[in-house]
Amino acid sequence: SKDDSWNILKMLKGEEGGSPPSFRAKVLIKNGSAVFLDERGFGVKPLKDAFKENLSNINGIINLTKKGAVFFKVSGKTKESPLYCEGKTNLDKSITDIKIFLRKLPLNRWNAYIGIPVLKNIKLEGLADANISSQLDAGNVNLNGTVNIHDSNIYGRKSSGLVSLILDNKKAQVNISGGNLCGGKIAGNLSFDLSNKNPYLKGKIDFAEV
């Protein structure tokens, strides 16, 4: 939500926090469906337009047997790609730790959603595999992961490579290794200061054999 909270946690909490007092169970999900709707995003300010993703073929387990905590392992599909996620939520502290694995991710939509300044405006087309770990803590986002770009192009130029991301509310860092762009090699790192209204960019990119 725009207020930095997870709507699902409001349903799981009791009146004074923690798991519902009379509800302890393991919930099995088989061939389910859901809608992921994020109005907050990863930037300093909430998203202008909410990010929406329809999920299908959801299978997994949600463990509610421990007071004040939720553990989950779930697999499913977006419109374009399979996904798997696992993690836990501390209901009393509203802290969620989650790992997400996505395959054949459409770069154009997800690049705009993650919203790293400068990069979010680059016209990316194609697919990528992503492994992401994140902690969400009362509006504070800490995310790190790797994105393996393949079968893609930038402004119509063929590209591929491994990109690592580190992102929180104040900064973003992008490291590129083993990249290919326009038939040449690309490597380097970029960092963005997100604490300013006009984020600035610094870093170094090396091109070879272009």
Just to confirm my filter: which strands (runs of 3 or more DSSP E) fall fully inside the stretch 62-180 and include at least 3 residues that are at pLDDT below 90?
95-106, 124-137, 140-154, 157-168
Output the number of the condition that Asp129 fails; it satisfies all remaining conditions of (1) open to solvent by less than 60 Å² (accessible area, probe 1.4 Å); (2) over 14 Å from the mean Cα position of the chain (by Cα); (3) acidic (Asp, Glu).
(2)
I'd like the residue in the stretch 181-197 that is at pLDDT below 80 and more than 24 Å from Tyr155 (Cβ to Cβ) and, out of all such residues, is least open to solvent (accessible area, probe 1.4 Å).
Leu194
Do we have any residue at all in the stretch 87-97 that's in contact with a Gly (Cβ under 6 Å, 6 or more places away or on another chain), closer than 23 Å to Ala34 by Cβ and open to solvent by less than 70 Å² (accessible area, probe 1.4 Å)?
yes
From (1) of a type outside the set (Lys, Arg); (2) buried (at least 16 other Cβ atoms within 10 Å of the Cβ); (3) more than 30 Å from Ile95 (Cβ to Cβ), pick out the condition that doesn't hold for Asp151.
(2)
Flag if Ile100 is open to solvent by 30 Å² or more (accessible area, probe 1.4 Å) and touching a Cys at 6+ places or on another chain (Cβ under 6 Å):
yes
Count of residues meeting criterion [open to solvent by 20 Å² or more (accessible area, probe 1.4 Å), in contact (Cβ under 8 Å) with a residue 40 or more places away in the chain and within 21 Å of Leu143 (Cβ to Cβ)] in the stretch 52-79
1
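The values are calculated or read from the model by the stated rules, or taken from the named source; none is laboratory data. Everything quoted here is computed from the prediction, not taken from an experiment. Positions of Cβ are backbone-derived with ideal geometry, glycine not excepted, and every protein chain shown enters the neighbour counts. The accessibility values were calculated without ligands, DNA or RNA, using every heavy atom of the protein model including side chains. Shrake-Rupley method; radii C 1.70, N 1.55, O 1.52, S 1.80 Å.
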